[in-house]
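First the structure, in the form of structure tokens, and then the observations on it.
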Amino acid sequence: MLFVARDVDGKQKLWLRRFDASAAVPLSGTETAVDPAWSPDAKAFAFRTGDKLMVMDFAGGPPREIGEHGSVPVWGRDGSILGVMPGGKLGRYPVTGGSPLPATKPEPSETGQIMASYFPDGVRFLFFSAGPAGSVMRVAHRDGSEGPPLDTAKRTGRLAVDGIGRLWLLATELGDDQLQAIRFNAAREAAEGGWKPLVSPIPRGPSWSASENGVLAFRRIQQQPHRLNWLDRAGTKSLAAPDLAARIGATARVSPVGRRVAFVRDYNGDTGIWLLDAATGAQTRLSLGKLDLTPVWSSDGGKLYYQSQRGSDNLVVERSADGSGSGRILYSGPQAFFPECVSADGRDLLLTETAAAQGQLFVVPTSGGQPAVWNNQKLIWNVSLSPDGSWFAYQSGQDIYVTAASRETVGVWPISNGGGAQPVWRGKEIFYIAPGGKMMAVPIDISNGVRAGPPVALFDTALDGSQFVRFRQYDVTPDGKRFLIREDVNTGRESPISVILHWEKLLP
């Protein structure tokens with residue numbers, strides 16, 4: 001089994017664990033590696049580091065670059081590796097190197113393709129396609145043609161063969177922490193029967209993998225308390241609230257003047273928005289909902305916007321930051337929209353929507369109304385406005401970019417070098433997390449267009465610098481001098497990996 005982990009020095013790399021061995025061993029040359037993928041004969045593996053797609057042989061020798069991007073690779077039997085190309089479409093990367101070739105013939109409405117997995121015949125593959133209606137499942141054939149859209153009920157996953165040779169689709173539903181399974185008919189290219197629960201709770205992102213002979217590996221959500229820590233630019237740590245040890249969400253946000261922090265906390269089974277006094281460490285509860293998430297401050301710090309789930313409805317709520325009143329609902333409906341940031345004039349709230357796998361931005365007026373598409377850009381997450389509100393930094397795939405905060409695209413400027421995620425714009429700097437977890441700072445000048453300097457590494461973090469993080473896991477004070485990061489109270493390590501043989505026996 002290949003997996004990503006950190007060594008005792010905090011360096012991220014790939015590790016190999018044989019099931020007949022007593023311990024895992026690190027693989028040299030795989031620093032900052034993510035997205036490992038086995039070759040069909042298990043004699044080599046592919047991985048991505050920064051924006052490079054790499055291949056490495058177990059027999060020895062250094063890793064070799066075979067292309068750029070190629071995120072979430074899947075190694076086929078035809079001597080190529082499926083991966084997501086720049087622009088969001090699937091391509092075939094030759095193992096010997098060279099330019100990738102398109103692996104599908106997309107419909108005009110398709111804006112992105114993810115999560116490919118091969119059928120047992122090694123020719124067809126299943127993938128998920130993003131479009132105006134959200135994410136749908138499709139099958140690609142030998143000639144690259146695509147089958148009709150298949151209903152996915154807002155799930156994404158991969159094909160897997162159980163211990164007795166039956167084909168299944170294993171998937172997670174957006175907003176849920178349960179891995180589910182449904183039988184899949186390869187001849188009809190369709191799911192059959194109903195979804196069955198397999199294991200839970202598991203974290204979002206690439207937290208599970210299945211072999212072609214009934215082996216399932218997965219991580220469970222580790223139910224342990226967290227603390228909020230301040231770090232300076234050298235990485236020196238101090239507790240934000242010494243007496244606060246609770247289950248805390250990853251999306252803590254510092255107010256525009258830096259005096260308070262809005263964060264998500266579980267309290268007696270309810271997940272709500274809390275406020276922390278940055279000077280005294282005092283905490284007060286703001287929201288009274290059962291499941292409130294992703295708080296965002298207004299530009300003047302007087303209001304907070306957050307996503308709330310009330311039964312089958314998803315809400316976007318505005319609440320006075322002093323706790324007065326019961327809050328005002330800006331949006332209510334079946335789709336889950338998550339606040340990203342507020343425009344500089346306070347009139348618009350920018351949102352992302354989990355069902356939109358293409359990562360398109362939406363906007364809702366702070367006076368209320370229906371969310372509408374912001375502009376024609378796709379593959380956008382983790383948006384952070386410039387101080388004057390005229391530009392914003394965002395994550396697209398495994399890189400950071402800057403564009404104008406206008407309803408029409410006027411240009412895109414790359415910011416990261418070698419990959420990055422979770423940007424924050426403060427003053428004349430943009431911060432982001434590099435693939436290996438380092439906090440990076442990029443000087444930015446927007447006095448006459450966009451001019452970005454080279455990224456500078458500040459300190460190591462345990463944060464995820466991959467493209468799978470849809471909600472930023474840290475924040476920065478307005479002066480750019482302190483960083484707020486959630487960490488585990490105990491060891492700070494990930495939950496252990498569980499391995500199950502004949503996982504089909506877990507199904508009801």
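The values are calculated or read from the model by the stated rules, or taken from the named source; none is laboratory data. Nothing here was measured: the structure is a model prediction, and the numbers come from that model. A quick note on method: Cβ atoms are made from the backbone with ideal geometry, for glycine too, and the neighbour counts reach across all protein chains shown. Please note that ligands, DNA and RNA were not included when accessible areas were found on the heavy atoms of the full protein model with its side chains. Shrake-Rupley method; radii C 1.70, N 1.55, O 1.52, S 1.80 Å.
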Subset of the stretch 67-81 [closer than 18 Å to Arg142 by Cβ and part of a loop (DSSP other than H, G, I, E, B)]: Gly76, Arg77, Asp78, Gly79
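Residues are listed down the side, and each one gets a yes or a no for (1) within 22 Å of Asp464 (Cβ to Cβ); (2) open to solvent by less than 50 Å² (accessible area, probe 1.4 Å); (3) hydrophobic (A, V, I, L, M, F, W, C); (4) without any contact (Cβ under 8 Å) to a residue 60 or more places away in the chain:
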| site | (1), (2), (3), (4) |
| --- | --- |
| Lys43 | no, no, no, yes |
| Arg48 | yes, yes, no, no |
| Ala59 | no, no, yes, yes |
| Pro63 | yes, yes, no, yes |
| Gly67 | no, yes, no, yes |
| Arg77 | no, no, no, yes |
| Val84 | yes, yes, yes, no |
Looking only at the stretch 187-202, how many residues end up being modelled with pLDDT under 90, more than 15 Å from Leu170 (Cβ to Cβ) and either crowded, with 17+ Cβ neighbours inside 10 Å or of a type in the set (S, T, N, Q) (or both)? 0
Kindly indicate whether any position in the stretch 309-319 is farther than 22 Å from Val424 by Cα and acidic (Asp, Glu). yes
Can you name the residue in the stretch 203-219 that is part of a loop (DSSP other than H, G, I, E, B) and open to solvent by 50 Å² or more (accessible area, probe 1.4 Å) and, of all such residues, is nearest to Phe47 (Cα to Cα)? Pro206
Looking at the stretch 132-153 only, could you name the residues that are closer than 24 Å to Ser211 by Cα and either in contact with a Gly (Cβ under 7 Å, 6 or more places away or on another chain) or at pLDDT 85 or above (or both)? Met137, Arg138, Val139, Ala140, His141, Arg142
Scan the stretch 347-385 for residues that are at pLDDT 80 or above, of a type in the set (S, T, N, Q) and out of contact with any Leu (no Cβ under 6 Å at 6 or more places or on another chain) and jot them down. Thr352, Ser367, Gln370, Asn382, Ser384
Of the listed residues (Ser320, Ser326, Ser255), the one being surrounded by fewer than 14 Cβ atoms within 10 Å (Cβ to Cβ) and either among the polar types (S, T, N, Q) or under 21 Å from Pro225 (Cα atoms) (or both) is Ser326
Quickly run through the stretch 176-185 and pick out the residues that are open to solvent by 30 Å² or more (accessible area, probe 1.4 Å) and either touching a strand residue (DSSP E or B) at 6+ places or on another chain (Cβ under 8 Å) or modelled with pLDDT of 95 or more (or both). Gln178, Arg183, Asn185
Answer residue from the stretch 258-288, given it is among the basic types (Lys, Arg) and part of a strand (DSSP E or B) and is surrounded by the fewest Cβ atoms within 10 Å (Cβ to Cβ) among those: Arg285
Could you identify the single residue in Ser367, Ser332 that is on the phi < 0 side of the Ramachandran plot and in a loop (DSSP other than H, G, I, E, B)? Ser367
